[in-house]
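J.: Just passing along the structure, written as structure tokens.
The values are calculated or read from the model by the stated rules, or taken from the named source; none is laboratory data. Here the structure is a predicted model, which is why all the values come from computation and not from measurement. Cβ placement follows ideal geometry from the backbone for every residue including glycine, while neighbour counts extend to all protein chains displayed.
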Ligand SMILES: Cc1cc2nc3c(=O)[nH]c(=O)nc-3n(C[C@H](O)[C@H](O)[C@H](O)COP(=O)(O)OP(=O)(O)OC[C@H]3O[C@@H](n4cnc5c(N)ncnc54)[C@H](O)[C@@H]3O)c2cc1C
Ligand code: FES
Ligand code: FES
């Protein structure tokens, strides 16, 4: 790994000032970035740790909104007194040591096509709050590893409207423990949203046919005869396009049956 | 280089590290605490598991500078005050929870992390908690049995495998 300067500011303004220099990069929990730097796929000259910023920590539930600080670890979300779809998803990411370091901001900024949080954010219509603006999840995810974030912009918080019922189903890729396919189903007064991770070449997406069917009838039967087009699905040694397309329907059904 | 100070196994330690120095490198190379192992260096195997501020962390996936001002516990600090093996270590020995022993420091630290929050875990809870700890030798059975025994549960009905 190439060497770099390490800084750990205690507030957002100082972090932005540090990030303004050439080749500076934000460091969340490092559970993606450190392995990437070891492979020399990233070589920042300065790393700006966000974990010392107290205003970016913690989970707050007030009324119908859960607000999660951008530097909150997966373990702290898993342990929070929030809706079960969200805490269940957080408690299934990676393994305990990964959850004790990895953060929601890092996961959403990275937008790995097999990551879990993008499915939760998209299915709940979350708002991604940065140092300068608020971005709706529908506008935020722009394909694998691509987001609406600009060069010097950090996720300070994520606001999630609490669903009436929700569930996340993840079919683990057994070696990496990432999602081979993951489905988040969230039911609201005005309809149901279904977001799929792990499956598509275009990253996380909403399965609109299932949303329409489940909004009329929130049951397994409503989607049991639907299918997604396999042509856009990822194909690799862990599963073919058709296998992933089938998992999308199966896991959506399980999520509906388990939603609470 | 930057100066850091960390409380390691209860003792204050200072050192000078590069930005890129991993916490496990600081422990092993600078402090000669070689009980923490590096199995993969790719965040997968958990041989490098230690506790940072009381929670399990992969020390190959954290920079030493990130731990400045924190408290760190490693396998070297796990023994009882009189130098004997602690109950988890003793249970690994009693129940053959290791073969080559390479994964063992990480297994013991992960087990300690589990038992702190869940004093009598079920077999399923132990297996789930060890998701990030890979063992090439044992097949896990006796590791799980050792952790159940360390938590005071009766393992006499679990066959040796
Ligand atoms: C063994 C293992 C298993 C895993 N399993 C899963 C899994 O099952 N599901 C899953 O979803 N993930 C999984 N992960 C990934 C894990 O969740 C990471 O924690 C996460 O992807 C990145 O978060 P981080 O805080 O570690 O970010 P980092 O690695 O620190 O950073 C990742 C990227 O985000 C940027 N960044 C970090 N924080 C912010 C911020 N607040 N604002 C803007 N940019 C930011 C960084 O500059 C970098 O580009 C796994 C990782 C490992 C090592
Ligand atoms: S050496 Fe750290 S996880 Fe394998
Ligand atoms: S005992 Fe050899 S790797 Fe676990």
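J.: Please specify each residue of the range B:1-15 satisfying the condition of being assigned to a strand (DSSP E or B) and either free of Cβ contacts under 8 Å to residues at least 40 places away in the same chain or over 14 Å from residue B:52 (Cα atoms) (or both).
T.: Hits for the range B:1-15 are B:2, B:3, B:4, B:11, B:12, B:13, B:14, B:15.
J.: Another question about this same structure. Got at least one residue in the range B:4-22 being closer than 20 Å to residue A:99 by Cβ, within 13 Å of ligand 2 (Cβ to nearest atom) and buried (at least 18 other Cβ atoms within 10 Å of the Cβ)?
T.: yes
J.: Ok, one more. Given the structure, is residue B:101 in contact with a helix residue (DSSP H, G or I) (Cβ under 8 Å, 6 or more places away or on another chain) and within 9 Å of ligand 3 (Cβ to nearest atom)?
T.: Taking the combined requirement at face value, the residue does not satisfy it.
J.: How about the range A:235-260: which of its residues are within 13 Å of residue A:181 (Cα to Cα), in contact with a strand residue (DSSP E or B) (Cβ under 7 Å, 6 or more places away or on another chain) and not in a helix (DSSP H, G or I)?
T.: Passing the criteria: A:238, A:239.
J.: Pull out all pairs, ordered by first then second residue, where Cβ-Cβ is under 6 Å, the residues are six or more apart or on different chains, the first lies in the range B:91-106 and is under 24 Å from residue B:41 (Cβ atoms), and the second is within 16 Å of ligand 1 (Cβ to nearest atom).
T.: B:103/B:47; B:103/B:135; B:106/B:46; B:106/B:47; B:106/B:49; B:106/B:133
J.: Being closer than 17 Å to residue A:178 by Cα, assigned to a loop (DSSP other than H, G, I, E, B) and near ligand 1 (Cβ under 10 Å from one of its atoms) is the requirement here; does residue A:119 meet it?
T.: When the stated conditions are applied, residue A:119 does not pass them.
J.: For the range A:244-260, how many residues meet the condition of being over 14 Å from residue A:187 (Cβ atoms) and touching a helix residue (DSSP H, G or I) at 6+ places or on another chain (Cβ under 9 Å)?
T.: Adding up the residues that qualify gives 7.
J.: Now for a separate question. From A:39, A:31, grab the single residue that is under 15 Å from residue B:63 (Cα atoms) and either within 13 Å of another protein chain (Cβ to nearest Cβ) or within 18 Å of the chain's Cα centre (by Cα) (or both).
T.: Unique residue meeting the criteria: A:31.
J.: Taking the condition within 14 Å of chain B (Cβ to nearest Cβ), at pLDDT 95 or above, surrounded by fewer than 24 Cβ atoms within 10 Å (Cβ to Cβ) and touching a helix residue (DSSP H, G or I) at 6+ places or on another chain (Cβ under 6 Å), does residue A:112 pass?
T.: So residue A:112 fails the test.
J.: Only one of A:178, A:218 is modelled with pLDDT under 95 and either surrounded by fewer than 21 Cβ atoms within 10 Å (Cβ to Cβ) or outside the structural domain of residue A:86 (by TED's automatic domain parsing) (or both); which?
T.: It is A:178.
J.: Restricting to the range B:23-45, name every residue that is buried (at least 21 other Cβ atoms within 10 Å of the Cβ) and more than 9 Å from every other protein chain (Cβ to nearest Cβ).
T.: B:23, B:24, B:26, B:27, B:36, B:37, B:45
J.: Ok, one more. Report yes if some residue within the range B:54-62 is away from ligand 1 (no atom under 14 Å from the Cβ) and either within 13 Å of chain A (Cβ to nearest Cβ) or in a strand (DSSP E or B) (or both); otherwise report no.
T.: yes
J.: Just to be sure, is residue A:85 over 24 Å from residue A:146 (Cβ atoms) and surrounded by fewer than 23 Cβ atoms within 10 Å (Cβ to Cβ)?
T.: Considered against the rule, which asks whether it is over 24 Å from residue A:146 (Cβ atoms) and surrounded by fewer than 23 Cβ atoms within 10 Å (Cβ to Cβ), residue A:85 comes out as no.
J.: I would also like to ask the following. Looking at this structure, is residue B:59 in contact with a strand residue (DSSP E or B) (Cβ under 7 Å, 6 or more places away or on another chain), free of Cβ contacts under 8 Å to residues at least 24 places away in the same chain and closer than 26 Å to residue A:94 by Cα?
T.: In short, no.
J.: Within the range A:48-56, is even one residue away from ligand 1 (no atom under 13 Å from the Cβ) and loosely packed, with under 14 Cβ neighbours inside 10 Å?
T.: Yes.
J.: Here is a further query. Would you mention how many residues in the range A:42-75 are in a loop (DSSP other than H, G, I, E, B) and over 23 Å from residue B:64 (Cα atoms)?
T.: So the count comes out to 3.
Residues checked against (1) more than 14 Å from every other protein chain (Cβ to nearest Cβ); (2) more than 16 Å from ligand 3 (Cβ to nearest atom); (3) over 17 Å from the mean Cα position of the chain (by Cα):
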residue: A:50; (1), (2), (3): no, yes, yes
residue: A:62; (1), (2), (3): yes, yes, yes
residue: A:78; (1), (2), (3): no, yes, no
residue: A:92; (1), (2), (3): no, yes, no
residue: A:105; (1), (2), (3): yes, yes, no
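J.: In the range B:104-147, how many residues are away from every other protein chain (no Cβ under 13 Å) and either surrounded by fewer than 22 Cβ atoms within 10 Å (Cβ to Cβ) or assigned to a loop (DSSP other than H, G, I, E, B) (or both)?
T.: Summing the residues that are away from every other protein chain (no Cβ under 13 Å) and either surrounded by fewer than 22 Cβ atoms within 10 Å (Cβ to Cβ) or assigned to a loop (DSSP other than H, G, I, E, B) (or both) in the range B:104-147 gives 12.
J.: Answer yes or no: is there a residue in the range A:85-107 that is more than 16 Å from ligand 2 (Cβ to nearest atom), at pLDDT below 95 and assigned to a loop (DSSP other than H, G, I, E, B).
T.: So far as the range A:85-107 goes, no, none of its residues is more than 16 Å from ligand 2 (Cβ to nearest atom), at pLDDT below 95 and assigned to a loop (DSSP other than H, G, I, E, B).
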